[in-house]
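The values are calculated or read from the model by the stated rules, or taken from the named source; none is laboratory data. Because the structure is a prediction, the values reported are computed rather than measured. Virtual Cβ from ideal backbone geometry, glycine too; neighbours counted across all protein chains shown. Each accessible area value is taken on the protein alone, full model and side chains, heavy atoms only, with ligands, DNA and RNA left out. Shrake-Rupley method; radii C 1.70, N 1.55, O 1.52, S 1.80 Å.
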Amino acid sequence: MISVSAPVAAVWLASCAYLASEISAGNLDVAGGLLKTLMSAQQQPTAHAIALVMASTLSVYMAIKIIGGLVYETDPLARTWDFFMSFFGQEATRDIKVDAWIDDYNVLHDDSKTNVTERESSYKTMVNAYYELATMFYEWGWGASFHFAYRRPYESFGESIRRHEYYLAGKLGLKTGEKVLDVGCGIGGPYRNIAQFTGADITGITINEYQVYRGNELNRQAGLSQQVRSVQGDFMHLPFDDNSFDGVYAIEATCHAPNREGVYSEIFRVLKPGRAFACYEWCLTDRYDPSSAEHRKIKKQIEEGDALPDMVQPEVVVEALKAVGFEVLETRDVALDANRGGISWYTPLTPSYNIFTQRFQFTPIGHALTVFALRVLEFMRLAPAGTNKVQGMLQQGGMGCANGGITGTFTPMYLAVVRKPAQ
């Protein structure tokens, strides 16, 4: 629920009431006097001018907060302020130079300088650098749950995200208090939702230090620190004992692994016998044609914009799960679910001239304005150097995902539910 602070509302109401009384008394002409009052304020501010400026400025401010809140289910102005403050804090306290990091990251995805094998061997460096740069952009533009979901009719964006998480959690058969692992947890949006939904005790692991800090900060704000937590680690070498979790899940995360058998074998090791692992995987579909230049471009955009060493098709995922010892219970592409009258998962990444959504940036005008605004902010030192490059990299990834969805060559929600055999 988005609200306006009492002082702001009081000033706005007082300004509007004063203007209304002056208009009623005939002291202010509505037809031509308002504009004239604003123009005269440049030479000599008057009570009319001050009230009009305050009323109009605060009206715009509140409209952005309320309309943006209905779209994002949060305060877009506060998020924007937090975004830039966090970015500066990142450079100041963590010795991160955004411009240098994005250049190094881009080298890893330059096929003239590196290849898939080198990206796989450097996956820790690549993925950590990516999330060091991208996490704040994700939280600002998407929220705390870094994944896709299609929307049912009359369902909000936030509701669709939570439903997608609850559906996966339901595959684990959890009971209150059971120990669960979130593999590749980001800043913990999914595990906070799932913990409240199931009552489970959830540990999230991520390779990125900033995500650990931010996730635990949000846990404290939500009053969930005793039930959920983020720890730093490599999911190819999980820092947990054998047979220590009652359930494990991964949401669009294990696609970052240099090979699926490596991460799946670690999940198998820490999962208790007889219990389930469920995941949404990023996969190329059967419609992907490696001989198509368009399809290869889509694949490259997704890999570069989302820190993937390489993308695979569903059969590779299934065979890897079987190879490490899992019993396969269910596999399917959730993106193909019937959803008459709903909104596809990739729609938020397609162009729209609605300025209150992130889709505006994908229009020619929105793209130009975004680039210009970020360059101005960088020039004025209101944003770190390199911010525009990071946004450009992420936008290319978004365009690749959208075109992958439109062509049906890519899915971010290939569902796999497996079980570790009982001993």
- Which members of region 379-399 meet the condition of being without any contact (Cβ under 8 Å) to a residue 24 or more places away in the chain and either in contact with a helix residue (DSSP H, G or I) (Cβ under 6 Å, 6 or more places away or on another chain) or open to solvent by less than 10 Å² (accessible area, probe 1.4 Å) (or both)? Asn388
- Query: Would a scan of region 256-269 turn up a residue that is in contact with a Phe, Trp or Tyr (Cβ under 7 Å, 6 or more places away or on another chain) and under 19 Å from Gly404 (Cα atoms)?
  - Reply: yes
- Would you pick out the residues in region 400-423 that are modelled with pLDDT under 95 and buried (at least 20 other Cβ atoms within 10 Å of the Cβ)? none
- Task: Filter region 162-185 for residues that are open to solvent by 10 Å² or more (accessible area, probe 1.4 Å) and either within 18 Å of Tyr138 (Cα to Cα) or not in a loop (DSSP other than H, G, I, E, B) (or both) and give the result.
- Result: Arg162, Arg163, Tyr166, Tyr167, Gly170, Lys179, Gly184
- Number of the exception - Ile207 against (1) within 13 Å of the chain's Cα centre (by Cα); (2) under 21 Å from Arg229 (Cβ atoms): (1)
- Task: Take Asn193 and decide whether it is polar (S, T, N, Q), touching an Asp or Glu at 6+ places or on another chain (Cβ under 6 Å) and assigned by the TED database to the domain that holds Gln395.
- Result: yes
- Message: Tally up the residues in region 322-341 that are part of a loop (DSSP other than H, G, I, E, B) and either farther than 19 Å from Tyr167 by Cβ or not polar (S, T, N, Q) (or both), please.
- Response: 7
- Message: For a quick check of your reading of the model, give me the residue pairs whose first member lies in region 236-260 and is closer than 17 Å to Glu165 by Cα, whose second is assigned to a loop (DSSP other than H, G, I, E, B), with beta-carbon atoms closer than 6 Å and at least 6 apart or on different chains.
- Response: Gly247/Leu172; Gly247/Leu174; Gly247/Arg275; Ala250/Gly184; Ile251/His147; Glu252/His147; Ala253/Gly184
- Query: In region 126-147, which residues are open to solvent by 20 Å² or more (accessible area, probe 1.4 Å), within 20 Å of Ser344 (Cβ to Cβ) and assigned to a loop (DSSP other than H, G, I, E, B)?
  - Reply: Trp142, Phe146
- Message: Looking at the structure I just gave you, is Glu294 open to solvent by 30 Å² or more (accessible area, probe 1.4 Å) and of a type outside the set (Phe, Trp, Tyr)?
- Response: yes
- Of everything in region 348-371 that's without any contact (Cβ under 8 Å) to a residue 60 or more places away in the chain and among the hydroxyl-bearing types (Ser, Thr, Tyr), which residue is surrounded by the fewest Cβ atoms within 10 Å (Cβ to Cβ)? Tyr353
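Condition check ((1) of a type in the set (D, E, K, R); (2) farther than 24 Å from Gly274 by Cα; (3) at pLDDT below 95) across all residues:
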position	(1), (2), (3)
Ser156	no, yes, yes
Arg163	yes, yes, no
Tyr166	no, no, no
Lys171	yes, no, no
Leu174	no, no, no
Gly177	no, no, no
Val183	no, no, no
Gly189	no, yes, no
Asn193	no, yes, no
